[in-house]
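Take a look at the structure below.
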Amino acid sequence: MNRGAWSGAIAGLILGLFLKMIQFITGEKVYTLLLNVDFIPVIGNVDWPEVVEFLFHLIIAVMIGLVFGGVLQFKKWETLRMHVLIAACLTIPTIFLYFPLTLLAHQATPGVWNGWALFYWTFGHALFMIVLLITYRLLMRKKASSA
């Protein structure tokens, strides 16, 4: 697997664990929202175990990581500034998914205007971006030093 995929997987794992911890501590259903697929045709009709729903989440995170790594490698952008810009461009839209995901959910999730839930969701996705960026750069440095 390439750097982008690994970075996305690790960042997705951290995001999921963070939101699970937040939901456990506060009761805000942000982890439930992250894993929720009940509104998606066909797969939404199945009562998936949590581990499978988490796998769906990780697949999306890996895809984001692949796009991140692919754009950086294709354009040969190696500066921190460009890495941060691309990571932000890929992550910031996921923050705004809070609203449609909340509105489309059939199960109990936070309210659309729940400020705390939105804060946790935003913080978690900012954490995703930071972990994606750091992991990618560490793997990039590791590859460069082993070459």
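The values are calculated or read from the model by the stated rules, or taken from the named source; none is laboratory data. Note that the structure is predicted; figures quoted are calculated from it, not measured. Note that we place each Cβ from the backbone using ideal geometry, even for glycine, and neighbour counts take in every protein chain shown. SASA here: full protein model, heavy atoms, side chains in, ligands and nucleic acids out. Shrake-Rupley method; radii C 1.70, N 1.55, O 1.52, S 1.80 Å.
Relative to the current alpha-carbon distance between Ile43 and Val67, full extension at 0.36 nm per residue lengthens the span by 6.2 nm. Figure note: Glu50, Glu78, Glu28 ranked by solvent-accessible area, largest first, 1.4 Å probe, ligands and nucleic acids not counted: Glu78, Glu50, Glu28.
Volume of the convex hull of the chain (Cα atoms only), normalised per residue: 118 Å³. On the basis of the beta-carbon distance and an R0 of 35 Å, Val52 and Arg137 show a calculated FRET efficiency of 0.65.
In the chain, the DSSP-assigned H stretches of four residues or longer account for a calculated mean residue ellipticity at 222 nm of -26000 deg cm²/dmol, using -39500 (n - 2.57) per stretch and the full residue count as denominator.
Highest-first packing order for the peptide set 114-120, 9-15 is 9-15, 114-120, based on the mean count of other beta carbon atoms within 10 Å. Projecting the Cα atoms of Ile14, Leu55, Asn36 onto the charge dipole of region 1-84, computed from C-beta unit charges around the Cα centre, puts Ile14 farthest toward the positive end. For region 57-126, applying the loop criterion from DSSP together with a ceiling of 11 other beta carbons within 10 Å to the trypsin sites (Lys or Arg not before Pro) yields Lys76. Report the residues of region 106-147 in range of a label on Glu78: point 7 Å along Cα→C-beta, backbone N strictly under 15 Å from it. In region 106-147, the label zone of Glu78 (backbone N under 15 Å from the point 7 Å along Cα→Cβ) covers 137-147. For Lys20, which aspartates and glutamates qualify as cross-link partners when the Cα separation must be under 15 Å and same-chain residues fewer than eight apart are set aside? Filter leaves Glu28, Glu50, Glu53.
Between the beta carbons of Thr26 and Leu104, assuming R0 = 22 Å, the FRET efficiency works out to 0.45 to the nearest 0.05.
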